[in-house]
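Worksheet: the structure to be examined is printed underneath.
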Amino acid sequence: MTTTARTPAAAGTPVPRPPRTQGRAAPGPWRRRLYRWDVRYSPYAFIAPFFLFFGAFGLFPLIYTGWASLHRVELASPDHMEWVGLHNYVRLLDDAFFWNALYNTLTIGVLSTVPQLLMALWLAHLLHYRLRAATFWRVALLTPYATSVAAATLVFVLLYGRDYGMVNWALGALGTGPVDWQNGTWSSRIAVSSIVIWRWTGYNALIYLAAMQAVPDELYESAALDGASRRQQFRYVTVPALRPTILFTIVVSTIGATQLFGEPLLFGGAGGQKGGASHQFQTLGLYLYEQGWFNFHLGRASAVAWTMFLILLLIAAANMLIARRLRKSH
Amino acid sequence: MTLTTTGRPRREGPGPQRRPRARTAALRRLRRLGRLRPRRRSRPAPTPATARTRAGRQLHGGPLTYAVLALFTAGSLFPLVWTAVTASRDNMRLARTPPPFWFGTRLAENAGTAWTEANMGLALLNTLLVAGTVALGTVLFCTVAGFAFAKLKFRFSGALLLLTIGTMMVPPQLSVVPLFMVIAELKWTNQLQSVVLPTLVSAFGVFFMRQYLLEALPGELVEAARVDGASSLRIIWHVVFPVARPAMAVLAMLSFVQAWNDFFWPIIALTQENPTVQVALTGLGRGYVPDQAVIMAGALLGTLPLLLAFTLFGKQIVGGIMRGAVKG
């Protein structure tokens, strides 16, 4: 590793004797200097590998994407960049498909996040009871998390099949007509959201459960003493105590929803980057992919990426404001 | 080394200081609740004994609790079971209603087709290599950096930590374009290092390890090692790693699962010639008449290793995620 070169003392040279050890000869000035260097510079050596990779594969691309978004860059010759200023962003704002993708990302985000977190909260509440086979329930509810986006989506595509899918068969058994899940506007969004919900509900439930277990028992006891019912205990003790955790999961889920990519791509089958025949479930992630790798405009794809980043920054700012407001009203 | 025996790591959280405040706030809320519902006052006050059984934690789950949990568990497991069911049928059977409810006999055949058609053997090996390397690198680099942020004093540490945390929310889409240009330049397309290197460290990992070591590693232990003249590398090896081991295991598991299931970047950087499992799975459905049974067999093959790990280490994984939740 190049980083060890910066701290000679840390790089496996014999351990310098401590200056205050009794019964030994005082260490030479060279040793003492090595020791001092070690103490002063080793922290930088410790963070260096992280920041090396982080700078090369996180920070540099972030900035370079911003730079590329101001150029015309084609996939065939990524070296050739032609300055176009804000042209890519202007084109983006003019493109109806961009607004469509933004709207889809928003609706699918709400459709997937809200039920997911509410169900997770409920599940966590149930898991918090003293249960037989407690570990079994937790592991079983977490298994969707172990399933990859690809595997999960492929199964759901089959389940949501128009002609032979199990969902439509069940609907038929209930006496309702079949739904064209893939080609319908709202049905396809609901179907994509359901994949996200399936994969993440158990995970979020475990996070809520951990937060619930950190709530001191006395709170529940005094609540019970005051005559609060179980539902009231949940409403007035559990939920307020979980507020920071709930906020945390909302932020994480929102970030995930903004980046949604694999589920709609595979749900669309061949030509999935379009997000359905009429782009009805094309998210921003898919739109970026289509611009860059199917229309070959890397510059415009970069502009989409930076727009997504700005949207996330807005969400983060809004979240901070809400958190501060909550803290004040508390 | 004697240092590690000087004392078990002390757990001192912010809990004891915070608790009274949280408690008074909750009590205030409860009082408000009491005012809102004056009828409850007229009831005889429950004795402490009944109060304890009514308190949230000690309560046993009723039949309804089990019923709801069973329902959700069935929902969680059903798509996986269904994957196996469809993988053991043939394509003709899947194109008929009602859909099959029980296992057929063609599992081995379909799995064999998927194995050869999607290059599954190579894909599994590749994914194992990628996920293993990523997990190892993440744990190693993030533990060391997390230790520096938690326990060492150096200039700009605050600003650098802020930078690290701030980038946790940068979407991966943002770096795809330049990364693609770089690997195209280096002629790394289709090679595993193009997938490994960008995910080898994670900002979340650094933050996670910092939070853990902040509480689990007593500062005196590091000081004592210093006074004994231990070099920084020795301190890392003999003091930090032993204390951090539980959190390192959790981080390793989380990064492994994430790397195994990573989708967006691999599908851009790799092709079907040298795929990871997720990339190979997208290739399965591309035929003129896609054979659903074979696709499902492929999905099953790609998921099975992680499912196996979950059945074996489920308890530890659940514990790890929950511990990470409290610290994060």
Task: Members of region A:174-206 found to be without any contact (Cβ under 8 Å) to a residue 12 or more places away in the chain, outside any loop (DSSP other than H, G, I, E, B) and not hydrophobic (A, V, I, L, M, F, W, C), listed by number - done: A:Ser187
- [ ] Could you identify the single residue in A:Thr147, A:Thr176, A:Thr107, A:Thr135 that is out of contact with any Phe, Trp or Tyr (no Cβ under 6 Å at 6 or more places or on another chain) and within 15 Å of B:Phe78 (Cα to Cα)?
- [x] A:Thr147
Task: Residue identified as closer than 24 Å to B:Glu220 by Cβ and under 20 Å from the mean Cα position of the chain (by Cα) among B:Gly132, B:Gly146 - done: B:Gly146
TODO: Would you confirm whether any residue within region A:117-127 is over 30 Å from A:Gln233 (Cβ atoms), touching a Lys or Arg at 6+ places or on another chain (Cβ under 9 Å) and touching a residue at least 60 places away in the same chain (Cβ under 8 Å)?
DONE: no
TODO: Specify which of the listed residues (B:Ala123, B:Ala84, B:Ala111, B:Ala67) is part of a helix (DSSP H, G or I) and modelled with pLDDT of 90 or more.
DONE: B:Ala67
Open item on the list: Between B:Leu129, B:Leu64, which is more than 10 Å from chain A (Cβ to nearest Cβ) and more than 18 Å from B:Phe208 (Cβ to Cβ)?
Closed with: B:Leu129
Task: Qualifying residues in region B:259-271 (those that are closer than 18 Å to B:Ile321 by Cα and at the interface with another protein chain (Cβ under 10 Å from one of its Cβ atoms)) - the one modelled with the lowest pLDDT - done: B:Asn261
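This table checks each residue for (1) over 24 Å from the mean Cα position of the chain (by Cα); (2) buried (at least 16 other Cβ atoms within 10 Å of the Cβ).
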residue	(1), (2)
A:Ala120	no, yes
A:Leu126	yes, yes
A:Leu131	yes, yes
A:Trp137	yes, yes
A:Thr147	no, yes
A:Asn168	yes, yes
A:Gly177	yes, no
A:Gln182	yes, yes
Open item on the list: I'm trying to understand the selection: among the residues of region A:235-256, which are over 13 Å from A:Ala211 (Cβ atoms) and either among the β-branched types (Val, Ile, Thr) or within 11 Å of chain B (Cβ to nearest Cβ) (or both)?
Closed with: A:Arg235, A:Tyr236, A:Ile250, A:Val251, A:Val252, A:Thr254, A:Ile255, A:Gly256
Open item on the list: Need a quick list: helices (runs of 4 or more DSSP H) entirely within region B:137-249 having at least 2 residues that are in contact (Cβ under 8 Å) with a residue 60 or more places away in the chain, more than 9 Å from chain A (Cβ to nearest Cβ) and open to solvent by 10 Å² or more (accessible area, probe 1.4 Å).
Closed with: B:203-216, B:219-227
- [ ] Hey, could you check region B:90-118 for residues that are within 11 Å of chain A (Cβ to nearest Cβ) and open to solvent by 30 Å² or more (accessible area, probe 1.4 Å) and say which is nearest to the chain's Cα centre (by Cα)?
- [x] B:Phe101
TODO: Could you run through region A:129-144 and say how many residues are at pLDDT 90 or above and more than 7 Å from every other protein chain (Cβ to nearest Cβ)?
DONE: 1
Open item on the list: If I filter region B:282-293 for residues that are free of Cβ contacts under 8 Å to residues at least 60 places away in the same chain, within 11 Å of chain A (Cβ to nearest Cβ) and part of a helix (DSSP H, G or I), do I get at least one hit?
Closed with: yes
Open item on the list: What pairs come out if I take residues in region B:68-87 that are facing chain A (nearest Cβ under 7 Å) and pair them with residues that are of a type outside the set (A, V, I, L, M, F, W, C) and not in a helix (DSSP H, G or I) whose C-beta lies under 8 Å away, six or more apart or interchain?
Closed with: B:Leu69/B:Gly61; B:Pro79/A:Thr147; B:Leu80/A:Thr147; B:Thr86/B:Pro100
- [ ] Could you tell me which of the residues B:Gly328, B:Gly319 is modelled with pLDDT of 80 or more, surrounded by fewer than 20 Cβ atoms within 10 Å (Cβ to Cβ) and within 23 Å of B:Ala203 (Cα to Cα)?
- [x] B:Gly319
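The values are calculated or read from the model by the stated rules, or taken from the named source; none is laboratory data. Owing to the predicted nature of the structure, the values given are computational and were not obtained by experimental measurement. All Cβ positions, glycine included, derive from the backbone under ideal geometry; neighbour counts span all protein chains shown. The accessibility values were calculated without ligands, DNA or RNA, using every heavy atom of the protein model including side chains. Shrake-Rupley method; radii C 1.70, N 1.55, O 1.52, S 1.80 Å.
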